[in-house]
1. Tilt of helix 215-224 relative to the longest C-alpha principal axis of the chain, in degrees (0 to 90, nearest 10)?
2. What share of Cα pairs, in percent, lie more than 11 angstrom apart in the range 137-182?
3. In whole percent, and with a 1.4 Å probe on the protein chains, what portion of the accessible area of the range 129-203 is carbon and sulfur?
4. So what's the net charge close to ASP367: Lys and Arg +1, Asp and Glu -1, counting the other residues with Cβ under 13 Å from its Cβ?
5. List every residue whose amide H lies under 5 Å from the amide H of SER40, counting only residues 5 or more places away in sequence or on a different chain, with H placed 1.01 Å from N in the peptide plane.
6. Which is farthest toward the positive dipole end of the range 241-358 among TYR259, ALA342, VAL296, measuring Cα position about the Cα centre, with Cβ charges +1 (Lys, Arg) and -1 (Asp, Glu)?
7. Roll a 1.4 Å probe over the protein chains and send me the accessible area per residue for the chain in Å².
8. Using the Cα atoms of the range 201-287, I'd like the radius of gyration and the largest Cα-Cα distance, Dmax, both in angstrom.
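The values are calculated or read from the model by the stated rules, or taken from the named source; none is laboratory data. Note that this is a predicted model, so its numbers are computed, not measured. Every residue, glycine as well, gets a Cβ built from its backbone with ideal geometry; the counts of neighbours run over all protein chains shown. Remember, those area values only see protein heavy atoms, side chains included, never the ligands or the DNA or RNA. Shrake-Rupley method; radii C 1.70, N 1.55, O 1.52, S 1.80 Å.
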Amino acid sequence: MVLFCLSPSFAASYKFGSVWDGEKVWKDACVSTEGDRIQSVGPCAGAAVDMSRFTAIPGLIDAHTHLTYVFENPVSQPGRNAAVVFLSQENARKTLETGVTTVRNLGAADYADIAMRDLINRGLMIGPRMFVSGYGLFISRGRNPTPGTADGVAEVMKIVREQVAAGADCIKMYGSTGSGRDVTGFQTFTFEEMKAAVDAAHALGKKIAIHSYGPDGARDAVRAGTDSLEHAAGMDDETISEMVRRKTFYVPTIDHNRYYADNYKKLNYPPAAVDDLNRFIQRNLDTARKAVRAGVRFAMGSDAVYTMFGENTRELEWFMKAGMSTEQALRTATANGAELLAMEKSIGAIRPGYFADIVAVEGNPLDDIEAVIHRVRWVMKGGDVVVDKTTARSTTP
Ligand SMILES: [Zn+2]
């Protein structure tokens with residue numbers, strides 16, 4: 001059973017079997033909160049809620065979501081967008097249940113992402129803290145231009161500025177083809193266009209994420225100075241070294257193609273798409289492995305859409321396969337995600353003064369990453385308990 005209790009925030013103390021604060025482990029420690037913030041972490045003193053069966057970790061950060069992509073929307077235009085915001089609440093709720101308390105949402109139509117973010121921040125909708133991009137930038141692609149369509153440096157700059165003016169926290173640019181069952185990776189925006197987007201975003205104090213399925217768009221995105229590179233299979237060694245040098249975050253989103261392959265029937269993909277997806281997954285994993293070895297910084301991004309919410313953290317399994325330690329994998333979803341959002345002083349750690357975003361899991365995630373992926377029992381976001389399954393019987397998946 002899941003309980004949502006948005007009680008007025010008050011001071012409280014919780015005793016955990018252990019606490020991984022994002023850097024080190026505290027045994028039999030207490031975390032005290034006041035309002036939406038963490039007050040202290042350390043040895044217990046005084047009364048505390050007994051959570052000693054659990055390990056506490058910082059609220060997780062999913063650096064690549066599409067919370068407003070709902071699988072079925074029975075409402076046709078006009079009014080469709082209002083229904084999107086309503087239906088997206090389920091995606092938001094399922095995301096919280098995975099221990100994700102913050103997301104970077106990279107692409108939405110009709111500014112539904114901005115509406116959701118604001119409703120959540122005002123406490124009128126339950127969901128993760130959202131950092132949103134508004135419309136992603138696309139090159140012209142046939143009949144249906146969107147407010148994100150841009151060709152040439154001047155239009156790119158204009159669209160970036162429009163997204164920021166509309167209230168976007170960050171910018172998303174689609175630098176190659178490839179999405180859903182289409183795993184082609186032809187570069188779309190040129191280097192000059194990417195550079196213009198990066199510079200226009202940075203000039204307004206915003207970070208940018210560039211999507212590229214293939215190596216060409218990836219190379220130019222990195223050279224152009226993108227803050228994060230999304231997907232990117234088949235990168236050459238030079239691009240990988242450049243990412244290390246520039247400290248570019250790599251968000252490979254390997255697991256979302258696993259989701260597409262598992263659900264090809266539901267998504268109406270032909271059986272042949274499954275082979276394409278699996279081949280892409282293998283190339284994506286091989287590239288991630290090279291990047292881990294080279295010392296590229298990763299952020300965990302699920303690229304969750306439709307019914308994938310609730311599986312947001314399965315990406316961590318791929319990071320383990322790519323050669324990370326459990327602690328490295330956990331950092332992709334804590335400290336690294338926080339830095340990518342320029343929120344490293346507020347989230348990604350259980351530390352005094354930080355937001356009280358705390359996840360209680362059964363087991364020790366530093367021994368077994370599955371504890372995070374499958375055994376989240378309790379989630380606090382900004383001092384409010386948003387998921388409570390602590391009375392649920394212990395089961396092993
Ligand atoms: Zn995406």
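1. 80
2. That fraction is 69 percent.
3. 57
4. Values: positive: ARG375; negative: GLU327, GLU362, ASP368, GLU370.
Local charge sum for ASP367: -3.
5. So SER40 has HN proximity to SER32.
6. VAL296
7. Details: 16130 Å² over 397 residues.
Counting only protein heavy atoms, the per-residue value for the chain is 41 Å².
8. So, for the range 201-287, Rg and Dmax equal 14.8, 46 Å respectively.
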